[in-house]
Amino acid sequence: MALRRTLGCMARYDVQPHLEKLWKAYKPAEGQVVRSLSPFEQKIVSPFMSNYPAEAMKNVKEAVVDIVPAFVLLAGIGYWGTNYYHQLQYHHRD
């Protein structure tokens, strides 16, 4: 309680209290050149939309090798299981 009045003098008002610890270790980079584009110069969505059909076809062609055999196997097991079930249903009618 003796130093209660000096805490106000030592406080930083330019940095928010929850960020003080981060700013304590901050060292400015002198001589570093920083360049950035304005948001109006950046083309973010247009290249994605212009290349989308070609990229989609490439991804489909690559995925067919992995996906088609799995679907064929799944359909074959389903077909076999259905036929086997019907055979068991009519088995006792001999």
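The values are calculated or read from the model by the stated rules, or taken from the named source; none is laboratory data. In this text the structure is predicted, and so the values were computed from the model without any measurement. Only protein heavy atoms, including side chains, enter the accessible area calculation; ligands, DNA and RNA are left aside. Shrake-Rupley method; radii C 1.70, N 1.55, O 1.52, S 1.80 Å.
If we keep just the residues of region 32-64 that are acidic (D, E) and assigned to a helix (DSSP H, G or I), which is least open to solvent (accessible area, probe 1.4 Å)? Here the residue is E55. Checking the stated criteria, I67 turns out not to satisfy the condition of being open to solvent by 90 Å² or more (accessible area, probe 1.4 Å) and either modelled with pLDDT under 90 or not hydroxyl-bearing (S, T, Y) (or both).
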